[in-house]
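Below is one structure, written out as C-alpha cells; the observations come after it.
The values are calculated or read from the model by the stated rules, or taken from the named source; none is laboratory data. It should be emphasised that the depicted structure is a prediction, and the values quoted were computed from it without experimental measurement. Glycine gets a Cβ as well: all are built from the backbone with ideal geometry, and neighbour counts include every protein chain shown. In case anyone asks, the SASA skips ligands and DNA or RNA and just uses the protein heavy atoms, side chains included. Shrake-Rupley method; radii C 1.70, N 1.55, O 1.52, S 1.80 Å.
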Amino acid sequence: MIARRSLLLLMLAACTGAPRRLDYDGPEVTEIRISKSDRRMALYSGAQRLRSYDIALGQNPQGHKLQRGDSRTPEGVYTIDRRNPNSAFHLSLGIDYPNAQDRALALAEGRDPGGDIFIHGHGTRRRQGDWTDGCVAVTNRQIEQIYAMVRDGTRVVITA
C-alpha cells in the first residue's frame, strides 16, 4: 500500500510539473555572472565556469532598474538571499535588489525602487524573448539544476 501511494504521488508530481529535487555534489558555486547584452548567465566556482545558460530578461532590458514597474533587470553586484520552492515560475532564487545604492538612487529621484527580483523558470508555459517584470528567466529544467547548485549568500554580478 505504501509503495503504491508513493508511486501515485510521483506520477501526480510528474503530471503537474512539480519541480524535481536534484542533488549537487560538485564544486561550490561562488558567483553567478549575468550578461544582459549577451542574454547569458554563468555559474562559477572561483575562476572555473561550471555551467552557462541562455536567459530572458525584463520586457524593457536596456539600462539599470530605476523604479517599480519599469520592467528592467537591475545591474550591479547582488547576493542570493532567499529561495522559493513554491514559485509560480517553477522554482526561484531571490536577488537582494534593491541594495543600499539602489535605494539611495531611487530616494534621490523620489521613486520606489521596487523589489522581488528573482532567477526563475518559465512556470507552466514556455515563453519567447524578454518577458519578465525584471527577473532573469531560464527553462524549468535549468532552474532545477541552478536551484540545487546555488546556495544563499552566493554573489551575483549583473552587467549591461
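Ile55: open to solvent by less than 70 Å² (accessible area, probe 1.4 Å), in contact (Cβ under 8 Å) with a residue 40 or more places away in the chain, within 15 Å of Gly134 (Cβ to Cβ) and not acidic (Asp, Glu), yes or no? Outline the logic, then answer.
Numbers: open to solvent by less than 70 Å² (accessible area, probe 1.4 Å): yes; in contact (Cβ under 8 Å) with a residue 40 or more places away in the chain: yes; within 15 Å of Gly134 (Cβ to Cβ): yes; not acidic (Asp, Glu): yes.
In short, yes.
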message: Taking the criterion of being crowded, with 21+ Cβ neighbours inside 10 Å and under 28 Å from Asp25 (Cα atoms), would at least one residue in segment 63-73 satisfy it?
response: no
